[in-house]
1. For segment 159-208, take the convex hull of the Cα atoms, compute a quarter of its surface area, and give me that in nm², please.
2. Determine the percent antiparallel among the DSSP beta bridges restricted to the chain, to the nearest 5.
3. For segment 64-133, taking Cα atoms only, what is the radius of gyration to one decimal and the Dmax to the nearest whole Å?
4. If amide hydrogens are placed 1.01 Å from N in the peptide plane, which non-local residues have theirs closer than 5 Å to the one on W99?
5. Computing the accessible area with a 1.4 Å probe over protein heavy atoms, can you report the carbon and sulfur percentage for the chain?
6. State which entries of K286/K347; K344/K364; K347/K435; K95/K446 exceed 25 angstrom in Cα-Cα distance in the structure shown.
7. Kindly express, to the nearest 10 degrees and within the range 0 to 90, the angle between helix 76-94's C-alpha long axis and the longest C-alpha principal axis of the chain.
8. Bins of 10 Å, beginning at zero and ending with the bin holding the largest distance: percent of Cα pairs per bin for the chain, please.
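The values are calculated or read from the model by the stated rules, or taken from the named source; none is laboratory data. Just so you know, these numbers come straight off a predicted model, no measurement behind them. Cβ: placed from backbone, ideal geometry, glycine included. Neighbour counts: every protein chain shown. The accessibility values were calculated without ligands, DNA or RNA, using every heavy atom of the protein model including side chains. Shrake-Rupley method; radii C 1.70, N 1.55, O 1.52, S 1.80 Å.
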Amino acid sequence: MAADRRKAHSVMLWLSPKNRFMQLILLVVFVTVGATEISPSGEAFGAGQTAFKPVSVSVARNIRYLLYDVNPPEGFNLRRDVFIRMASLMKSLLKTGDWVLVLPPWGRLYHWQSPDIHQIRIPWAEFFDVPSINRNIPVMEYEQFLAESGGPFIEQVYVLQSYAEGWTDGKWEEKVDERPCMEHLMYSHDKQGYFRGWFWGYEETRGLNVTCLSVQGHASILAPVLLGNTTAQSLMLDRAETVLHDHYAGKDYWDARRSMVFAKHLRMVGDEFRARYLNSTDESDKTHYNEDWTQMKSKLGSAKGGPYLGVHLRRKDFIWGHRKDVPSLKGAVNKMRSIMKQHKLDKVFVATDAAEEELEELKKLLPEMGRFEPTWEELELYKDGGVAIIDQWICAHARYFIGTSVSTFSFRIYEEREILGFDPKTTYNRFCGEKETDCEQPTHWKIEY
Ligand SMILES: Nc1nc2c(ncn2[C@@H]2O[C@H](COP(=O)(O)OP(=O)(O)O)[C@@H](O)[C@H]2O)c(=O)[nH]1
Ligand SMILES: *[C@@H]1O[C@H](CO)[C@@H](O)[C@H](O)[C@H]1NC(C)=O
Ligand SMILES: *[C@@H]1O[C@H](CO)[C@@H](O)[C@H](O)[C@H]1NC(C)=O
Ligand SMILES: *[C@@H]1O[C@H](CO)[C@@H](O)[C@H](O)[C@H]1NC(C)=O
Ligand SMILES: [Mg+2]
């Protein structure tokens, strides 16, 4: 039954009235690639029934909805990390009942500044393969939550915060308590006495009750509170990044991470770019991908990768603070040239967020550099998030990769390469700052299957 419900979720995603063009594309991909996903119950929904409102089976079955959000300044790739923490919490909750994680729509991210592009209320299906995520934990898009839960209300919002007193006597202990809110709340009363706030750009959404929880510990420490201290059917954790991973790089971590399969249409764009400009195909590079991540277990060192160096060169806010661990452009180019020589690679693919002037300088220093430069139409279609994923996908398939110190954008590429089965020596590399004396290289985190 649970499996049926999950299937129904994945089918219904395609019926969201938003973003018709993308929806059409996704539908084509879905139908051609994921045909086996269509369950008999799914067919009954029929495409094009935009006014469709599901009969709320969930209420009868007493499903509870977990929603969450992350501190606004956090970027795309830390948000992906917070999803993994929420997935662990879900694993704990699912031991006791029927829960669904509502995927927080993407938007209003600080880095997504491409002008004239509507980047708000973006469903997860535009970036990730949601049926794949559903194979790990039950998830649904926010639009589906709206349709299914009977209105734009979230019964209980918990704003997570640390403890005002900090760590008592420097001793770390795990705890969670209802406490007065420490920061100015980003929620305010409307005329009816409900709470208005940032609900991913859904202006009509309201919280019925907002309280603060001081928490120190891993994500699952919240499970007893959600199960025992509230009967709310829909619960939102705001500032969800406050809680830590249950077990970083453990089995649950990797299951959730592996389930975050990039949307097929973005992988296809990346693959086309690889084939066209980098002479890179899965066949020749031994980077075979299984559409069903649960069936994928690559041997370390089995992937060869395309004949190019992949680079993630994080700039912007990483250089504004004059951080010691970030290289100058010249230093970075020197390092790239030496790697290319050592590994006999004559092509280099660069993913970067460098501003225009720096990009011009980089082109002068490294004229042979290849980049994925979307046309305006492509940018409008894939959005900044999709372009970032295409960059990550291409970097993930390089014979050798080097990233930027403590960038979560680079971390996600390391993980993708680990999933594909690259030799760790070709993956866990980062640039060093010129003035860095001890340039420690990134840690190798092995997948636990
Ligand atoms: N397309 C593209 N975007 C990038 C690149 N580097 C950074 N960005 C953008 O800048 C954001 C960086 O924020 P975040 O994801 O938090 O990663 P972090 O700040 O490097 O840890 C990304 O989400 C992208 O929007 C890049 O190489 N390519
Ligand atoms: C949850 O309920 C228990 C038992 O009533 C209480 O001791 C605890 O303080 C509550 N926790 C929170 C976070 O409200
Ligand atoms: C709001 O939620 C808190 C925490 O669960 C609870 O103590 C309080 O009674 C609730 N307030 C209302 C008005 O329901
Ligand atoms: C592309 O790669 C194949 C083998 O992977 C090689 O035989 C071929 O010469 C390469 N083509 C070019 C243009 O480099
Ligand atoms: Mg960031």
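1. That works out to 4.7 nm².
2. Around 20 percent antiparallel, to the nearest 5.
3. 13.6, 46
4. R64
5. Heavy-atom surface of the chain belonging to carbon and sulfur, 1.4 Å probe: 54 percent.
6. K347/K435; K95/K446
7. 40
8. Calculated over all Cα pairs of the chain, the distribution is 4, 20, 30, 27, 15, 5, 0 percent.
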